Amino acid sequence: MPEGAAPVSPYVTILRRVEAALVGPGWELRGSAALLVIGLLLSTPAWERLSLIVRTTPWRVFYEKAEAPFSQPRVDEASHSGKTTFRLVVPLVAGALNLGPYGVLALQGGIGFAFLVLALRLGRRETGDRVSALFLAASLAFGYVGKAGFVDLFCWFDGWAYFFLLAALAMRGPLAVFLLASLAAWTDERAFIALGLVTVWHLLPAPGEDPRRVPQEAAAVVAAALGYVALRAGLAAAFSLYTPTEDAGLSVLAQQFPLLGLAAWTSLEGAWIPVLAGLWAWRDPEARVALLAGGLVTALLLVVSFGVIDMTRSGAYAFPAAFIGVRLLSGRVSREFLRATLFVAALVSLLFPDHYLQTGWQQPYLLRLVTSWL
């Protein structure tokens, strides 16, 4: 440091190094790879047990579904597998491509990486800043949302639904949005509820857009939701299909009441910060309808997640609210304020241990190795 120069804060040093690392083409791939490596070092999937996991009941039920998509799962109705009656996308893909468990997980990993790349691109489009985009993606990558494509070895397939939801946010054009929204809903019912947030996103003008324009993409999301409801009712009637309600509902919510705060927090961790920061836009009357609508859908998702056993990953379907928060802030605050807000979000997700309210703390592999010796 030159004599007499003011000391540089660690935050400014981090910003400068991140800016330098993101210069040039391929920055999304480099950024996504870095986020993936850091995330997996902090919470490593149980890959060492994979040969045993793929022989468990969830995988058996999954391949029965791939062979007979319109059949009722033959399994304990209180289990996760018992509620996969209408979750058709991944079984159909596996059946069409003749994929075994390792092929399904490899494809899921590719989708998980594509999620990180797309999060960076969408963040850059919304903020006009690569650094802010990286911090936004990091806030998701270091929590369950960004890791779902890698840590899920048990046929949950949330990572697929998260990717379809994010792509439905990012895409322009009603046909593409309709297809992606439909894929999300047919991957998991919780994604169907999250389509409300995708609709709010497309109704909310991006910085520089005409606020009077009614985008066709929002209508496409609504059409996808209505089509899902109608087709699901038709399949239920034609093939006598239903989704069991055991281990779900108000009784489960009452049992888990002491855990609701932790459940809400672990669903998004630091990514809640841009959601809450977006409330600042309430000062703008034009943003209030979007805030109210987004808040209602997010609250509904949380209530639904509280009524099932796997609360963390269910609540994580609210992640589009983080992008809505960023869109509300962009153009209303300075680049420096937005960077600082998203830096805090990324830092909080990095420092908070990944704890899923079903499976517990997702430990790093080295720590699991050490504890196994003790």
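The values are calculated or read from the model by the stated rules, or taken from the named source; none is laboratory data. Owing to the predicted nature of the structure, the values given are computational and were not obtained by experimental measurement. Methodologically, a virtual Cβ is constructed for each residue, glycine included, from the backbone with ideal geometry; neighbour enumeration extends over all protein chains shown.
General remarks:
- Checked against (1) among the β-branched types (Val, Ile, Thr); (2) over 30 Å from Asp310 (Cα atoms); (3) exposed (fewer than 15 other Cβ atoms within 10 Å of the Cβ), Val37 meets all criteria but (2).
- Condition met for Leu183 (over 13 Å from the mean Cα position of the chain (by Cα) and under 19 Å from Glu217 (Cα atoms)): yes
- The test for being touching a residue at least 60 places away in the same chain (Cβ under 8 Å) and under 22 Å from Thr341 (Cβ atoms) holds for Ala290.
- Of the residues making up region 242-257, none is closer than 25 Å to Arg125 by Cα and either of a type in the set (A, V, I, L, M, F, W, C) or touching a helix residue (DSSP H, G or I) at 6+ places or on another chain (Cβ under 8 Å) (or both).
- Evaluation of Leu197 against (1) hydrophobic (A, V, I, L, M, F, W, C); (2) within 30 Å of Ala46 (Cα to Cα); (3) touching a Gly at 6+ places or on another chain (Cβ under 9 Å); (4) modelled with pLDDT of 95 or more (one fails), failing number: (2)
- Matching residues, region 63-90, being within 20 Å of Ile309 (Cβ to Cβ), touching a helix residue (DSSP H, G or I) at 6+ places or on another chain (Cβ under 8 Å) and either without any contact (Cβ under 8 Å) to a residue 40 or more places away in the chain or in a loop (DSSP other than H, G, I, E, B) (or both): Pro73, Val75, Asp76, Glu77, Ser79, His80, Thr84, Phe86, Arg87
- Filtered by the rule that a residue be among the hydrophobic types (A, V, I, L, M, F, W, C) and either surrounded by 15 or more Cβ atoms within 10 Å (Cβ to Cβ) or within 22 Å of Val308 (Cα to Cα) (or both), region 212-230 gives Ala218, Ala219, Ala220, Val221, Val222, Ala223, Ala224, Ala225, Val229.
- Val131 vs. criteria at pLDDT 95 or above, surrounded by 19 or more Cβ atoms within 10 Å (Cβ to Cβ), out of contact with any Phe, Trp or Tyr (no Cβ under 6 Å at 6 or more places or on another chain) and in a helix (DSSP H, G or I): yes
- When residues of region 248-299 are limited to those that are closer than 17 Å to Ser314 by Cα, aromatic (Phe, Trp, Tyr) and surrounded by 13 or more Cβ atoms within 10 Å (Cβ to Cβ), the one nearest to the chain's Cα centre (by Cα): Trp272
- Residues in region 152-180 that are under 30 Å from Pro73 (Cβ atoms) and over 14 Å from the mean Cα position of the chain (by Cα): Leu153, Phe154, Cys155, Phe178, Leu179, Leu180.
- Residues that are among the charged types (D, E, K, R) and at pLDDT 95 or above within region 76-113 comprise just one, Arg87.
- Answer residue from region 237-255, given it is of a type in the set (Ser, Thr, Tyr) and touching a residue at least 40 places away in the same chain (Cβ under 8 Å) and is nearest to Gly307 (Cα to Cα) among those: Thr243
- The C-beta contact set for region 222-233 (first residue in contact (Cβ under 8 Å) with a residue 60 or more places away in the chain, second residue of a type in the set (A, V, I, L, M, F, W, C), distance under 6 angstrom, 6+ apart or interchain) comprises Arg232/Phe86.
- Meets criteria (at pLDDT 95 or above, surrounded by fewer than 24 Cβ atoms within 10 Å (Cβ to Cβ) and out of contact with any Gly (no Cβ under 9 Å at 6 or more places or on another chain)) for Leu165: no
- Val93 under 25 Å from Ala170 (Cβ atoms), β-branched (Val, Ile, Thr), out of contact with any Asp or Glu (no Cβ under 7 Å at 6 or more places or on another chain) and not in a loop (DSSP other than H, G, I, E, B): yes
- Among the residues here, Ala322 qualifies as surrounded by 16 or more Cβ atoms within 10 Å (Cβ to Cβ), over 26 Å from Thr245 (Cβ atoms) and in contact with a helix residue (DSSP H, G or I) (Cβ under 8 Å, 6 or more places away or on another chain).
- When Leu329 is tested against (1) within 19 Å of Ala206 (Cβ to Cβ); (2) at pLDDT below 85, only condition (2) is not met.
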